[in-house]
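Reading through the structure tokens given below for one structure.
The values are calculated or read from the model by the stated rules, or taken from the named source; none is laboratory data. Owing to the predicted nature of the structure, the values given are computational and were not obtained by experimental measurement. Please note: Cβ atoms are built from the backbone with ideal geometry, for glycine as well, and neighbour counts cover all protein chains shown. Remember, those area values only see protein heavy atoms, side chains included, never the ligands or the DNA or RNA. Shrake-Rupley method; radii C 1.70, N 1.55, O 1.52, S 1.80 Å.
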Amino acid sequence: MANSALTVANTNFNDIKTSLKTYLQSQSTFKDFNFEGSNMNVLLDVLSYNTFFQNFYLNQVASESFLDSAQLRDSIVSHAKTLNYLPKSDTSAKAVINIEISPANTPDNIVMPKYTEFTTSVESNSYTFTTNQGLTITADANGNYFANNVDVFEGEIVTELFQVNTANTDQRFVLSNPEIDTDSLAVKISTSSSDTSNAEWKSALSTVGLSGTSNIYYIVPAEGEKYELQFGDGVLGAPLINGNIVEATYRKCNANSANEASVFSSAASIQGYSNVAVTTVSAASGGGFAESNNSIKFNAPKALTIQDRTVTTDDYKTILKQQFNDIESINVYGGENTDPPEFGKVIISIDLLNADGIPNSKKKEIEDFVSLRSPLGISAKVIDPVFLFVDITSKVMYNPNITTKSDSEINSLVTTAINTHATATINEFNSKLRVSKLSAAIDAADTSILNSENSVLLQKKFTPTLNSNESVSLEFNNELLQELPDSSGIFADGTGTITSTLFTFGTLTGCNLRDNGNGVMQIVQQDGTSLTIQNNNIGSVDYTTGTVRLANFNVSTFIGDSIVVSAVPLNKTLSSDKNIILSYNNTPSITIVQERI
């Protein structure tokens, strides 16, 4: 029965109770009743609590019913499942090793089976790496048995068996471990427990090209961050038969824990040979955690729109992120935007998790995957990312009268603020660093900071071939400051727009690169106000495009593992595009100044 004294919009406990009192007091039966301290007060508490709990429960149910507002992982992946989106799983760290086996005899070949184990440790924790394919190793001309550039992946190999019972219409094939790396999943089907043929079935991401006899399975997200296997119904994939045995083998991995592992040893003999030497080609990298809730919310709707085909650049990004869960950042653009243009190609630049660059084997795997989904006449080309580093110099003034912190503590706070801001704004494709916002982040690091003066340099690194003439092209991707030196060739602030770390030019030590202010690159020796030009024209610099080119560049030694070339940008907003990643170099120069007010 409707009653104007009863307010149904209240959700707070006290408001609900007050509303119930007001309603009861409006009735003639309880008009003069004292609700405080009476038994009726207890009953009102019970009614109010019940209403409050129902309000909360129904609100949560409504929130979990939509992908945008859902908070529970199970709710989010359930919505993703309806959009045919498979959230990325944990990823095994991968290393590349060379293996040398020294047998006492001279066999024709040595067979190294799939899932051969190698052990390593990171920070006193032991990890097992395994091969993902079998190898047959034959002796070389010198009688040595080498297997070079072998990929090994972190994780325990787990095999689960399910017996099909078609009488159980609710039967599901849910894998036990949430730490599965779905890339490693291999599914075999036997007709019965006595069948040893174990035909391997293939994973299907879509229904394109499937028939009722296709030996495929679908992997879908399940509750508890686990994964479930589903099979065909005779229309979209072959159905399972009563008594079939489903064998699922996969890696149970430790996400990023094994990254940086670099020393490996054979866990056991290989075909009975125990004298096995292992050398590392590249340390373990690429291990990562399963896709976050926010990432699933963002990517699942986009995966539905592309329908397993690639037309726009966003289509390529979405489908590749869905298929390859070790992609940290990706950019896609047309070949007509390259220099020189590559018409008819789509350029894909990828930065892998915990790795700089992408191996050739991975490039081919991605190109083959994309070729089946690209428009006719369009081919994909996967290239390495190029890193454009940002060097930050900051002078910070703070008032020591309003803080007990020391200069070193302020320095630490500023360093953290810079790191946090850089992580949130750059270190990926198509990113921007605005010096004004960087300054604001530094000023907000502590209430005692009065202001800061911040400047940035762009840096490129390259490793020249010693004692060899070579051409070098460096893309700074931003307009550069053009500054003219005085009549003696000295710049007002001591340095030009382009500078570099020191190297030896011929027999001349202490040399570095610089521009002359008119677009010409030089090799100079400079000590304060003393300048000696050793090569007056070693290349050019385009201040508008930010391109530096060196010709016949020949050095005999250099400091460090590369030559670092720095450039002063014209603008206070730095940006990157194409295959360039704007990356913070993590070596800020910070000066702390006390200013007592």
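May I ask which residue of 498, 441, 393 lies farthest towards the positive end of the charge dipole of segment 391-525, with charges of +1 (Lys, Arg) and -1 (Asp, Glu) on Cβ and the Cα centre as origin?
Selected residue: 441.
Treating the beta-carbon of each Lys and Arg as +1 and of each Asp and Glu as -1, no other charges, what is the dipole magnitude of the chain about its Cα centre, to the nearest 20 debye?
It works out to roughly 840 debye.
Whenever you get a sec, compute what percent of the accessible area on the chain sits on carbon and sulfur atoms (1.4 Å probe).
After summing per-atom areas, the C and S share lands at 49 percent.
Treating the beta-carbon of each Lys and Arg as +1 and of each Asp and Glu as -1, no other charges, what is the dipole magnitude of segment 443-525 about its Cα centre, to the nearest 20 debye?
Here the size comes out at about 420 debye.
Which FRET efficiency value, to the nearest 0.05, do you get for residue 585 and residue 45 by plugging their Cβ-Cβ distance into 1/(1 + (r/R0)^6) with R0 = 51 Å? Provide the component values of the computation, followed by the final result.
On the way: r = 62 Å, r/R0 = 1.22.
Calculated transfer efficiency: 0.25.
For residue 561 and residue 469, FRET efficiency with R0 = 22 Å and r from the beta-carbon atoms, rounded to 0.05?
Efficiency at R0 = 22 Å is approximately 0.55.
Report the label-to-label distance for residue 297 and residue 38 in nanometres (one decimal), using points 7 Å from each Cα along the Cα→Cβ vector.
So the two model labels end up 4.7 nm from each other.
How far is it, in nm, from the label point at residue 149 to the one at residue 65 when both lie 7 Å from their Cα along the line to the Cβ?
Rounded to a tenth, the inter-label distance reads 5.6 nm.
Between residue 545 and residue 140, what's the calculated FRET efficiency when r is the beta-carbon distance and R0 is 45 Å? Round to 0.05.
The computed FRET efficiency comes out at 0.35.
To the nearest 20 debye, what charge dipole does segment 223-318 have about its Cα centre, counting +1 at the Cβ of each Lys and Arg and -1 at the Cβ of each Asp and Glu?
Dipole about the Cα centre, nearest 20: 180 debye.
Hey, what number do you get for the chain at 222 nm if only DSSP H runs of n ≥ 4 count, each worth -39500 (n - 2.57), divided across all residues, to the nearest 500?
One gets -6000 deg cm²/dmol as the mean residue ellipticity at 222 nm.
Fully extended, how many nm does the chain gain between residue 202 and residue 158 (0.36 nm per residue separation, minus their Cα-Cα distance)?
Value of the extension gain: 14.0 nm.
Among (1) 60; (2) 51; (3) 56, which is the computed percent of Cα pairs over 37 Å apart?
(3)
Note down the relative contact order for the chain as a percent, whole number, built from C-alpha pairs under 8 angstrom at least six residues apart.
12 percent
Just want the answer: with Cβ charges of +1 for Lys and Arg and -1 for Asp and Glu, which residue in 185, 262, 19 is farthest toward the dipole's positive end in the chain?
19
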